[in-house]
Amino acid sequence: MELRLTSDEVIKLKEKEDIYSALKRSGIYLVASCGGKGTCGKCRVKIVEGDCDVISYGKLTQKERESNIVLACQTVPKGDILIEIPKESRLVVGDKIAIARTKDLVEYLKSFGVDINPAVKRLYLELPPPTISDNISDLERLKRVLDEKGLKNIRFSHGFVSTMADILRIASWNVELTYVGGDDIPYEAIFLSPTDACNRRFAIAVDIGTTTVVVYLVNLLTGEIVDIGSTYNSQMRYGDDVITRIVHATEGGGLPELRDAIVTDINTIVDSLMGRHSIEACEIDTATIAGNTTMSHIFWGLNPGSIREEPYIPTLNQFPQWKGGTAKLSINPQSPVYTVPCVASYVGGDIVAGVLASKMHRNHEIALFMDIGTNGEIAIGNNEWLMTAACSMGPCFEGSGIRCGMRATSGAVESVKIEPNTYELQISVIGGGHPMGICGSGMIDAVSEMFLTGVIDQKGKFVKGKTDRIREGEEGLEFVLYRDEAHHKDIVLTEVDVENIIRAKAALYAGIKTLLSEVGFTMDVIEKVYIAGGFGNYINVERAVILGMLPDIPKERFVFMGNTSITGAYLCLLSEELRKEAEDIASKMTYIELSVYRSFMDEYMSALFLPHTDMSQFPTVAGMVK
């Protein structure tokens, strides 16, 4: 049997194989937030020719079914079949999101009061060649010179020694030694290189996000960011969120697949950047990795299963400094790879890196740091104390679980304005052109606008008869954001969608309130709010406050930090002092497991309204509603 695509690809089908699995096996990936379990309704394809068994139509509308739209993961061909994959269903992984230069971060590094001081050092050595009378071994000869330079009791790995003899002779006994150690850290030899080769010094900083991967190529001597590469995390083909991926890694035996996916993503970027700048692998002295606890475990091939099971204990939080070869990175296999330490199962190195980048741990003012994504990770504190927690917001702001939801990519509705008298809409679409769905920032805009114009009430329920944009859908009432007769797919927000969005914002706000109440503070003590993450860059603060997602405090207290995970990784890469500071942050953080706090559930239930049951907490919104 053959599966043919209208784009001319042909795939040989296995017996009783569903369309989703066949496409994935051939390197064609569909959006599948649920990992292909039939619950998200995203992997839509159109049957053009052929018969098939449809196990379930899931969330597909009657109009879509009549147009021969099926879910690929729930459809098994009976024979030869021809399908069409809609643009919004195809998941593009490996494509560059952006490759560009950034503003100079060197000055930001120096604003911490430190100089460029990477943990990896280089030392020029001249060794006397062996003779009949001076016939000690190569390693003893090297040790003798190092002892003279004060590097005593240095350690040598098998990987170092296995290449040492050839390099010493090729280099005529004049070499550069790359090593780590000093103060209270034992010295370790990393690799030798001839003085006329591999003599430039570069490093990479990597942010492993659940959705995206970002790599900085850095000049280790000047701190200059030579280039940047980023791509989607290919693990998305196995599910949108960390829980789905943990299940795939443990119950599905997919840990090697997940690890291979992320390592391949990083290597694809690194190889591209090295090729562009004519850099050899031996010139990459070191790497720093920052990611959430699950991403860090998967990167190193560690079983993440216990992260999602009570009492939620990871394998480790402080990672040994393993080598590039162990990590399977396409850099010098002896290069040390530093992993920014994690705090707990759901507060990882990305948050530690973020707190470091924000400097909140250095200041007396009480600040709130939040990274808004599938998990809402929060830290509150100052230079005397830090508390942290994570609340599961669900992936709705990434588009999962929302009828017409999608990521913030081309074709997504990113902002919405509703005219209060006519209920006509003004929408902005990423990239312009035809809208295909709605992303997180658009959802926040839409729900807050619907609330202000009376389309929905404080509970998020539609007010029937308010406008003809409210109609009865297959899942109940829905609001039409964009009518699209040509493609048989209107863009709507259903009442169920609104409930999901309210639950997500309620979890974040309840997490903030619970952390504050633990230390006996109220919202008005927060002097700065640092918002991190790619999604945070697109949030309209006023609309998020109306939604009840962010605290109702003066707008000037909010600071958008962008990707603080990669910034923190960069800082740790270039400064031993800041690396120790990151480790101090991780050890200083008091982690609160919100699921065991009754007060969190009380706060959560109170926040399941727009913006809240207690309007006194949102005086600005109360004034707007009046």
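The values are calculated or read from the model by the stated rules, or taken from the named source; none is laboratory data. Quantities reported herein were computed from a predicted structural model and do not represent experimental measurements. All Cβ positions, glycine included, derive from the backbone under ideal geometry; neighbour counts span all protein chains shown. Accessible surface areas use protein heavy atoms only, side chains included; no ligands, DNA or RNA. Shrake-Rupley method; radii C 1.70, N 1.55, O 1.52, S 1.80 Å.
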- Here the residues within segment 33-51 that are closer than 22 Å to Arg4 by Cα and surrounded by fewer than 18 Cβ atoms within 10 Å (Cβ to Cβ) are Lys46, Val48, Glu49, Gly50, Asp51
- Note on the structure: Here the residues within segment 212-249 that are within 25 Å of Thr409 (Cβ to Cβ), among the β-branched types (Val, Ile, Thr), open to solvent by 30 Å² or more (accessible area, probe 1.4 Å) and in contact with a helix residue (DSSP H, G or I) (Cβ under 9 Å, 6 or more places away or on another chain) are Ile243
- Query: Got a number for residues in segment 563-577 being open to solvent by 10 Å² or more (accessible area, probe 1.4 Å) and either without any contact (Cβ under 8 Å) to a residue 12 or more places away in the chain or among the β-branched types (Val, Ile, Thr) (or both)?
  - Reply: 1
- Test: residue in segment 537-549 that is part of a strand (DSSP E or B) and surrounded by 15 or more Cβ atoms within 10 Å (Cβ to Cβ): no
- Cross-chain or 6+ apart pairs with Cβ under 7 Å, segment 504-518 first and more than 17 Å from Leu386 (Cβ to Cβ), then open to solvent by 10 Å² or more (accessible area, probe 1.4 Å) and among the charged types (D, E, K, R): Ala510/Glu603; Lys513/Glu603
- Item | Identity of the residue in segment 134-171, surrounded by fewer than 17 Cβ atoms within 10 Å (Cβ to Cβ) and basic (Lys, Arg), that ends up nearest to the chain's Cα centre (by Cα) | Arg155
- Residue among Phe560, Phe600 that is open to solvent by 10 Å² or more (accessible area, probe 1.4 Å) and part of a helix (DSSP H, G or I): Phe600
- Task: Output the residue which, of all residues in segment 220-256 that are among the charged types (D, E, K, R) and more than 18 Å from the chain's Cα centre (by Cα), is nearest to Asp207 (Cα to Cα).
- Result: Asp227
- Item | Qualifying positions in segment 603-613 - surrounded by fewer than 17 Cβ atoms within 10 Å (Cβ to Cβ) and either in a helix (DSSP H, G or I) or of a type in the set (Asp, Glu) (or both) | Met605
- Note on the structure: Of the residues in segment 311-352, those that are in contact with a helix residue (DSSP H, G or I) (Cβ under 6 Å, 6 or more places away or on another chain), open to solvent by less than 40 Å² (accessible area, probe 1.4 Å) and hydrophobic (A, V, I, L, M, F, W, C) come to Ile331, Val337, Val340, Cys342, Val343, Val352
- Evaluation of Ile531 against (1) open to solvent by 10 Å² or more (accessible area, probe 1.4 Å); (2) in a strand (DSSP E or B) (one fails), failing number: (1)
- Task: Mind checking which strands (runs of 3 or more DSSP E) fall wholly inside segment 337-424 and carry at least 2 residues that are within 30 Å of Gln62 (Cβ to Cβ) and in contact with a Cys (Cβ under 7 Å, 6 or more places away or on another chain)?
- Result: 412-418
- Picking from Ser616, Ser587, the residue that is open to solvent by 80 Å² or more (accessible area, probe 1.4 Å), within 29 Å of the chain's Cα centre (by Cα) and of a type outside the set (Lys, Arg) would be Ser587
- Starting from segment 107-122, keep only residues that are free of Cβ contacts under 8 Å to residues at least 24 places away in the same chain and over 19 Å from Tyr179 (Cβ atoms), then list their pairs with residues that are of a type in the set (S, T, N, Q) and surrounded by fewer than 17 Cβ atoms within 10 Å (Cβ to Cβ) whose Cβ atoms are within a distance under 8 Å, requiring at least 6 positions of separation or different chains. none
